[in-house]
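To start, the structure itself, in structure tokens.
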Amino acid sequence: MRAEISFGKSLIGIFFVGLAAASCTTTSKPAATAANTKTKQGQPAKVTFNYTAKDRDCLQRAMYFESQHSDEDGYMAVGTVVMNRLTSGAYPPSICGVVAQKRQFAPGVMTREVKPQAETELASAADAILVKGARHPEVKNAMFFHTNGLKFPYDNMHYVTVAGGNAFYEKRDSNGMLQTPPPLPSYEVAMNYVPGESMLPPQFEALIPSAVPVPLPAPDPMSTASTAQMQITAPVTVPETSPVTSVEPEPGIPIAIPTPRPAYDSVMLRESLPANGG
């Protein structure tokens, strides 16, 4: 009889232990679900920038000509500066607008020929920046650079790195604060490809002062638009009903190409910067 009573007590004990365990499991799941929901709601919305095939070409041109045709590391450094300017709000709102801005990037950056040998690495760097959101990790918030080995008499140039033959720097005051609007971090930026649309800034529209359509000649890839004007030499034939058989349109508007900054007046040579800059 005692054995039966003892056995019955054991069964009841096992039953209550099982209920307690089940109760603990049931109450822990809603807490985990709430935590996951809170994490998802706390994710910041990304700022979206549109870009076209032309913008991608502008980015590659800046990377190629400003990095002295170096390598992917140099390409990524210059590309990061372009994206920092784009997302800072202090520069034009498109990649081509940033690259083509007057007196900012290398002369002829929009017109000179890119060697076919560099296209593979350039495409890889452009895809990393535009598609994957990659940035050069050492460029940080830098929006400025110049040829490595030069020295300028300014005390607000905070150097961060050297890549592709260039020294990259941020503009900071004596307290270490940025003097420019900070760019958005890459994880807050979404790049949206817009096919078949042009986002070139107005200064790159060809304006022809003529009442009839005039075909533009193909630009010479070996010349820059800052030194060569678009010339139209072939006459344009008008309909037979017109008393004039041909007209000579006025020359087209030349495209202004920026000159490099900072200016090289009173530039002094200095020793190369270390890889991490100072």
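What is the list of residues in the stretch 172-187 whose amide nitrogen lies under 17 Å from a point 7 angstrom out from the Cα of Tyr154, following Cα to Cβ?
Answer for the stretch 172-187: 172-183.
Starting from the exponent 0.38 and prefactor 2.2 Å, build the expected Rg for the stretch 79-157 from its residue count and divide its actual Cα Rg by it.
For the stretch 79-157, the normalised Cα radius of gyration comes out at 1.21.
Tally Lys/Arg at +1 and Asp/Glu at -1 over every other residue whose Cβ is under 12 Å from the Cβ of Ala123; what's the total?
Result for the local shell: -4.
Under the 0.36 nm per residue contour assumption, what length would be gained going from the current alpha-carbon distance of Thr48 and Lys140 to full extension?
31.1 nm
What is the percent of Cα-Cα separations in the stretch 69-117 that go past 17 Å?
Tail of the P(r) past 17 Å holds 41 percent of the pairs.
What is the sum of charges around Ala142, taking Lys and Arg as +1, Asp and Glu as -1, for the other residues whose C-beta is under 12 Å from the C-beta of Ala142?
That works out to +3.
Read-outs: derived from the displayed coordinates by stated rules, not from any lab. Treat the numbers as computed from the prediction; the structure is a model and nothing was measured. Methodologically, a virtual Cβ is constructed for each residue, glycine included, from the backbone with ideal geometry; neighbour enumeration extends over all protein chains shown.
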